[in-house]
Every structure is written in structure tokens, then in C-alpha cells.
Amino acid sequence: LKDQFDNLDKHTQWGIDFLEKYAKFVKERIEIEQNYAKQLRNLVKKYCPKRSPKDEEPRFTSCIAFFNILNELNDYAGQREVVAEEMGHRVYGELMRYSHDLKTERKMHLQEGRKAQQYLDMCWKQMDNSKKKFERECREAEKAQQSYERLDNDTNATKADVEKAKQQLNLRTHMADENKNEYAAQLQNFNGEQHKHYYIVIPQIYKQLQEMDERRTIKLSECYKGFADSERKVIPIISKCLEGMILAAKSVDEHRDSQLVIDCFKSGFEPPGDFPFEDYSQNIYRTISDGTISTPKQEGMRIDTKTTVGKAKGKLWLFGKKPKPQSPPLTPTSLYTSSTPNGSQYPIFSIEPVHYCMSDIKTGKPRIPSFRSLKRGWSVKMGPALEDFSHLPPEQRRKKLQQRIDELNRELQKETDQKDALIKMKDVYEKNPQMGDPSSLQPKLTETMSNMDRLRMEIHKNEAWLSEVEGKVAARSDRRHSSDINHLVTQGRESPEGSYTDDANQEVRGPPQQHAHPNEFDDEFEDDDPLPAIGHCKAIYPFDGHNEGTLAMKEGEILYIIEEDKGDGWTRARRHNGEEGYVPTSYIDVTLEKNSKGA
């Protein structure tokens, strides 16, 4: 039984060790959940968009869906934290408290068992001592009896010796009887304590240890269940998070995203028109014509070449400035007749009318916006931002102006509400002077009225700019519509006025009427003129120029300066081949001309 007590001691210690081992497992699982939730939150924070103005936030459905998924993932991370908290409170904390109580209880039961064993050992020692004393006294009594019998049978022994031996025998016999009685009493007491120890005390202690171990097993079972319940409680919310992610994925609309791209980058510029035909053979036919026509020129039919071709000089063509050769004045005679050796005349079709027609077509072509002006409008981020957004394409400028007008209207409404509130408060102060001084509100009221006037002026100014942009867009739309109609309806050869005809006899016509306005097409080409150079620069460092609107350059390259740095760190430059763009001001050594306007 003593060995079994030791075995029970080892078993209960193993049970407590196993309980603490499971508690350590739960603790590590809690740390994993906490780290997982923390990493998820860091991931969401890393990919969440930073706070930006509302008009700059991407509104594509794919981006919105991704942001919704990030929000759902953040909620999912919160549920992982709930799991960790529930496990820590319901499982790990309970296990640690129960482990402490279990150690205390086990120690108490083992101490009781050891005390009972020690008491039984003490009783056994007392019984053993009385037994040994009784045995010793019995041997002494036997020796005294043998000595008495020997002296009693000895004839030579005196009577005194016999009496002395008899008294010694009686004494030893009496002491033996007393030790016998004491041994019997100790034996009876030991047997009783031993029976009580093995049938009452020890079974009771073992029963308490058994109940303690069973409670430990039950507690482990409850903790196992609580461990699973902590996960199961958040499953509905996690399912909602996953459903939210699925709904966000389903909300992606590719057509809407495409329309947003169109609205975002719609410039409002007019597409380039058709390039005219340039007749390089006109000099050959002019020589032939000059050799065959000898009719004097008529003053009445003289054409003002300044009106027909002068306005086209200095304009930006595809390969640079191309001045148009002036054709000699035409006369009806030179158009239709030619002399023969016998003096007769016959009608011919000279090449001069064709040359004149082509020159008129080149002069009267519709406006074709240059790619440089388009690039200038598209380089919004690289160019300096203007108050009227004139650096933007027409459609984007109209949107920006409309947004600013809406913001100003909202601010004006706030100021109006504030003014009304101040007026009401002033009336209350005037009726009830004890509530406040009406004159104390006058500075604030004056400031509010000033802000309202300022906002109204801003709104009026922006509305004027908006009307200007909308008028230009409408004019471009009408001009483009009429151009499309002419392009679809007309076919055949090109006439001097820029139309087409199928009648070959109508190719030869007189000079065009001189009622065209001299400056009719100057405004159409003003954006096509290259900006004048105001200086030059030398590249100190190389620049890649990957961004839109920038100009790549090599170290030591010489460029023309066409626009100075306006405080944003960029200077507009142009190469010798006409390519323009922005370069960093700190990368170049700038030299400006003295007369920059006339350069």
C-alpha cells in the first residue's frame, strides 16, 4: 500500500503537469491569434488609401470593391482578436487558476496520507519496543528460575542463598508479567490503528485524490469545449465578412469603370483634320504656261496675294514653317486661250488655276490643333496650375470649374446661415440686453458679409470662365458636326473653295471673291505657333523623363528655354527638333536672353 501511495503521488503530479502543458498550448495559440490579427491589421493599413480630397479619390468599382474587401478583412482581424480574448479569459485563465487550486489540494491530501502513515509507524515502534522488553524480561525470569532450581538442588548451598535466588525469581517473574501486559496492550493498540489506517484513513485519502483527479479531467474536458466554442462563436460574423467580400467582388462593373475613364480623361479637343494636298509639280507647269501664254494681264482681275496666301505665312506645318509660293495673277485669257502660229486661238486648261485652288485650300483649311498644344493640355501635373484651369483640356477644365463653383456655393450657404444666425442673435440681444451686448456681434457680422461678397465674386468669376469654356466646346462641336457632314456628303475632286465636285468642267474657275476677312483664320492657328525661346540652358545632369510631359536629356545637352520656372521646380524647354517638355530646374544651367519677348 505504501508503494501504491507513491504511485498515486506520481499520477496526480503527472495530471497537474499535463494540465499546465495544455495551458501552455492555449497560451501559444492565443499569441498566434493575436499576431495574426495584428499582421492582418497592418496589411489592411498598408493597402488602405490615404486620406485625400474627395475629387481625387478613385471611384472605379474595382477600387471600391478592393477597399470594401479591406474593410471586411479588418473586421475579420477583429474577430481573430475576439477569439484570442475569449480563449485567454475562458480557457487559459481558468486553467491557471484551477492548476493553482489543484496543487494546493493535492499537497493537503498527500500530507494527510503521510501523517497517517507516520502515526501508524509510531504505533508499530511502540508495540515492537514493548515486545522486545517483554521478551527480554522473559529470558531474565528463565535465568532466575534456573538459578533458583540449581541452588535448591545443591546440598552445599546455604539457606540464605536459596532464599535470595527465590526472591530474584519472583521479581523477574513479576516484571515479565508486567511487560507481558504492556506488550499485549501495545499490540492491541497497534492492531486497532493499523485497521483504522488501512480501512478508514488511507481509503478516504485515496478517495479524495481520486475525486481531485476526476475533477481535473472534467476541467480539461470543459476547457476543450470552451476552446472550440471560442472559435464557433465568431463563425457567423466571419461568414458575414466573407459574404461581404463576395458582394464586393460582384459589385465590380467593367462598363462603369470604362465610362469613368472616359469622363476622367475626356479633353474636348477637336480631332485633327485632313492634311491638304501639296502640289510640288506646279513650278514645271508654270514654266510651260509662261512659255505659251503671252496675253497681257488685266488690272481688274488682279488678286490680292496678301489676302490669299499672306495669312498662311509663318504658320506651323507638319515639318516646320513652309511659306507658300505666290502664284502670278490670273486673267481670263490666260485661263482659257492660247495663240497658234496662224493667229487663231483655242481654249486650254492651264495648271495655274489648279495651283491657285490648292493655295486657297491650304489657306482656308479648318483649324488643326497641333500635337504640341494637346501635349501642353495633357501635362496637367507637370505644368503650373492656373486659377482658371486654362492649363487643362476644355472638358477637364469645365469639370474643375463646375466643382469649384459647387464648393463655393456650399461655402456661401454656410456663410448665409451664419449671417442669419448672427442677425437673430443680435435681435435677441436688442430685445433682452441682459443676455448680451448687440454691438459685440457687429465685427463678426461684418466679417461674414465680407466673406459672402468675396464668395459671390469668386462664383461670378468662375461662372464667367465656365460660360467661356462651354461656349468654346459648343462652337467646336458645331464646327466638327458641319465638317463631318461635308466630309460624308461630298466626293470627287477638290474645288478651290475646299469643296468637292464630280464635274470636271468646274475645275477651272476664276479667282475667289475678295470678301474674306483678313484675320479669319489667325485665331484658329494661335495655339499652333511655337512659343518663342527666351534663353538657353545646358544639362548638368542626365534626366530620364519617364513621366508624361517631361523631356529626357543627356548631360551636356543644349536646350532652348521657352518658359521659366514658376516656383514648382520645373522649367519648360525645347530641343532643336521641336520636341518640348519640362525638365528639373536644378538639373540645368539656365542663361536667359536680355530681350526675352523679342527673342
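The values are calculated or read from the model by the stated rules, or taken from the named source; none is laboratory data. No experiment lies behind these values; they were computed from the predicted model shown. For neighbour counting, all protein chains shown are included, and Cβ atoms are generated from backbone atoms with ideal geometry for every residue, glycine included. We work out accessible area using only protein heavy atoms, side chains counted, and drop any ligands, DNA or RNA first. Shrake-Rupley method; radii C 1.70, N 1.55, O 1.52, S 1.80 Å.
Numbers at a glance
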read-out: Per-residue SASA entry for I262, accessible area with 1.4 Å probe, Å² rounded to 10; value: 90 Å²
read-out: Solvent-accessible area, 1.4 Å probe, carbon plus sulfur percent, for the range 533-590; value: 47 percent
read-out: Cα-centre dipole for the range 533-590 with unit charges at Cβ (Lys and Arg positive, Asp and Glu negative), debye to 20; value: 140 debye
read-out: Largest-first ordering by accessible area, 1.4 Å probe, given options D388, D568, D589; value: D589, D568, D388
read-out: Alpha-carbon Rg with Dmax, taken over the range 533-590, Å; value: 9.8, 27
read-out: Exposure of H174 as accessible area (Å², to 10), given a probe of 1.4 Å and all protein chains; value: 100 Å²
read-out: Whole-Hz ³J(HN,Hα) from phi, Karplus 6.51 cos²θ - 1.76 cosθ + 1.60, for the range 61-69, glycine and proline x; value: 5, 5, 5, 4, 4, 5, 5, 5, 5
read-out: Cβ-defined net charge surrounding D453, 13 Å radius [Lys, Arg +1; Asp, Glu -1]; value: 0
read-out: Difference of contour (0.36 nm per residue) and Cα-Cα distance, M96 to Q403; value: 104.2 nm
read-out: Under 5 Å, built H, 5+ apart or other chain: amide partners of G535; value: I561, E593
read-out: Accessible area of the range 141-205 belonging to carbon and sulfur atoms, whole % at 1.4 Å probe; value: 46 percent
read-out: Neighbour net charge for E557 - beta-carbon separation under 11 angstrom, K R +1, D E -1; value: +2
read-out: Area projected by the alpha carbon convex hull of the range 2-258, averaged over all directions, nm²; value: 21.9 nm²
read-out: Burial ranking of peptide ranges 395-406, 129-140 (average Cβ count within 10 Å, highest at the top); value: 395-406, 129-140
read-out: For the range 392-473, size of Cβ-based charge dipole, Lys and Arg +1, Asp and Glu -1, in debye; value: 240 debye
read-out: Dipole moment magnitude, nearest 20 debye, the range 2-258 about Cα centre, only Lys, Arg, Asp, Glu C-beta charged; value: 460 debye
read-out: Heavy-atom surface of the range 533-590, accessible at 1.4 Å and reported per residue (Å²); value: 54 Å²
read-out: Given K38/K225; K143/K164; K132/K164; K132/K196; K50/K240, the pairs whose alpha carbons are separated by over 22 Å; value: K38/K225; K132/K164; K132/K196; K50/K240
read-out: Prolate/oblate/rounded label for the range 162-216 (Cα gyration tensor, a/c 1.5); value: prolate
read-out: Globularity ratio of the range 92-142, using Cα Rg and 2.2 N^0.38 Å; value: 2.26
read-out: Listed residue (C138, W124, I64) projecting farthest to the positive dipole end of the range 2-258, Cβ model; value: I64
read-out: Where the range 2-258 is the region considered: accessible area per residue in Å², 1.4 Å probe; value: 68 Å²
